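Take a look at the structure set out below.
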Amino acid sequence: MKLANQVVVLDFETTGLSPDNGDRAIEIGAVKLVNGQIVDTFQELINPGQRVNSFIEQYTGISNDMLKHALVSKQVMGQFSKFIDGFNLVAHNASFDKKFLDAEFSHSKLHYNGQFACSLLLSRRISQEAPNHKLGTLVDHHQLPNDGVFHRALADATMTSHLWLHQIDVLQQQLPKQAITIELINKISSLPKAQIARYLRTMS
């Protein structure tokens, strides 16, 4: 059982919404947490082998000129596979980042063993009072540290790590006798919102 405070929190910036449509990663950022402390970070631009459209350039601030001299995916993913070895993985809207990690690893014939957990799904269950569950909204709502930069991979991964640690604290306060594990969080994240309060009462 792996504790939830020992994870790699990651974020991709991409050329579009789905690798199934030929979209590729253009940046990866990640934060390594050990015992709830940031101990290492990872950030690389990735040359996707295709031009990025103007919307993505404006949205991310990542230009085609910046990507022209970046490493290709195989090099970056080779480094990243070593960075995440032995760790579970967290992302905000993890289904998106998992799809791109799976696709980029597949291109490079790489594998990983960690489970994924999603701070967005968890937020919908334990922060139901939030106006919405976008990362920027939750950072403001919970008054979490941020440097004002959004839609760059390492900045978003860092903010997600602060959100994740806040979520662990919230759960620990409600479940003082429980170890907060990835398995427990994924169980909570899978429950209907209406069942959360009762489930937490039965676990405490």
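The values are calculated or read from the model by the stated rules, or taken from the named source; none is laboratory data. Note that the coordinates shown come from a computational prediction; the quantities given were computed from them, not determined experimentally. Positions of Cβ are backbone-derived with ideal geometry, glycine not excepted, and every protein chain shown enters the neighbour counts. Each accessible area value is taken on the protein alone, full model and side chains, heavy atoms only, with ligands, DNA and RNA left out. Shrake-Rupley method; radii C 1.70, N 1.55, O 1.52, S 1.80 Å.
Observations on the structure shown:
- Extending 7 Å from Cα along the Cβ direction at SER106 and again at HIS69 yields two label points whose distance is 3.3 nm.
- Excluding the site residues themselves, the longest part of the chain lacking any trypsin sites (Lys or Arg not before Pro) in a DSSP loop with at most 16 other Cβ atoms within 10 Å is 52-108.
- Global form of the stretch 40-152, assessed from the alpha-carbon gyration tensor, a/c cut-off 1.5: oblate
- With DNA, RNA and ligands ignored, accessible area of HIS133 (1.4 Å probe; Å², nearest 10): 40 Å²
- In the context of the full set of protein chains, residues of the chain present 50 Å² of accessible surface per residue (probe radius 1.4 Å, heavy atoms only).
- Loop-located GluC sites (Glu not before Pro) in the stretch 95-204 (DSSP state not H, G, I, E or B) with no more than 11 neighbouring Cβ atoms inside 10 Å: GLU129.
- Carbon plus sulfur fraction of accessible area for the chain, probe 1.4 Å, in percent: 49 percent
- Stretchable slack from VAL170 to ASN21, in nm (0.36 nm times residue separation minus alpha-carbon distance): 49.8 nm
- Taking all Cα pairs closer than 8 Å and separated by 6 or more residues, the relative contact order of the stretch 7-202 comes to 23 percent.
- Part-to-part distance (alpha-carbon centres) for the stretch 1-56 and the stretch 93-129, which is given in Å: 10 Å
- In nm, spacing of pseudo-spin labels at SER81 and SER204 (7 Å Cα→C-beta vector): 4.5 nm
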